[in-house]
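Engineer: What follows is a structure written as structure tokens; I'll ask about it next.
The values are calculated or read from the model by the stated rules, or taken from the named source; none is laboratory data. The structure displayed is predicted, hence computed values, not measured ones. We place every Cβ from the backbone using ideal geometry, glycine too, and count neighbours over all the protein chains shown. Ligands, DNA and RNA are stripped out before the accessible areas are found, and what is left, the full protein with its side chains, is counted by its heavy atoms. Shrake-Rupley method; radii C 1.70, N 1.55, O 1.52, S 1.80 Å.
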Amino acid sequence: MSYEKVAQAKQIVVGTKQTVRALKDGNVKEVVVAEDADVAVIEKVVKAANDRNVPILKVDSTKKLGKACGIDVGAAAVAIIR
């Protein structure tokens, strides 16, 4: 599942703003977004990923995604860096 992918990734970027910035820089291999996040929050990430043909993986929980990133709060979006 995608949580393991995030946990095992060598380099990640956590958060919507940082993910969009990394997408614009062209450094992203895959994006992971949480389905329980507010649509308005992840909308920019999804659009930026689609514009750059970067695969989007969906997970069900912001809390679990944050935990997979090693942080104590939820994460709406995570970029896996090349």
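Engineer: So if I take the centroid of the Cα atoms in region 44-82 and the same for region 1-28, what is the distance between those two points in Å?
Structural biologist: 6 Å
Engineer: Let me ask something else. Taking the dipole about the Cα centre of the chain, with the C-beta of Lys and Arg at +1 and of Asp and Glu at -1, give me whichever of S2, L23, V41 is farthest to the positive side.
Structural biologist: With unit charges placed on the Cβ atoms, the residue in question is L23.
Engineer: May I ask you to compute the full-extension gain from V39 to I81, defined as 0.36 nm times their residue separation minus their alpha-carbon distance, rounded to one decimal in nm?
Structural biologist: Extra length available between V39 and I81 comes to 12.8 nm.
Engineer: Here is a further query. In nm, what is the difference between 0.36 nm times the number of residues separating D72 and I56 and their Cα-Cα distance?
Structural biologist: Between D72 and I56, full extension yields 3.4 nm more.
Engineer: Any idea of R52's accessible area? Nearest 10 Å², probe 1.4 Å.
Structural biologist: 100 Å²
Engineer: Starting from the Cα of K10, step 7 Å along the direction of its Cβ; do the same at D25; then give the gap between the two resulting points in nm.
Structural biologist: 1.6 nm
Engineer: Can you tell me the relative contact order of the chain? Whole percent, Cα pairs under 8 Å, sequence separation 6 or more.
Structural biologist: RCO, the chain: 47 percent.
Engineer: Which entry in (i) 6.8; (ii) 5.0; (iii) 4.4 matches mean projected area of the Cα convex hull in nm² derived from the coordinates of this structure?
Structural biologist: (iii)
Engineer: With a 1.4 Å probe and every protein chain left in place, work out the accessible area per residue of region 1-81 in Å², rounded to a whole number.
Structural biologist: So region 1-81 comes to 60 Å² accessible per residue, rounded to a whole number.
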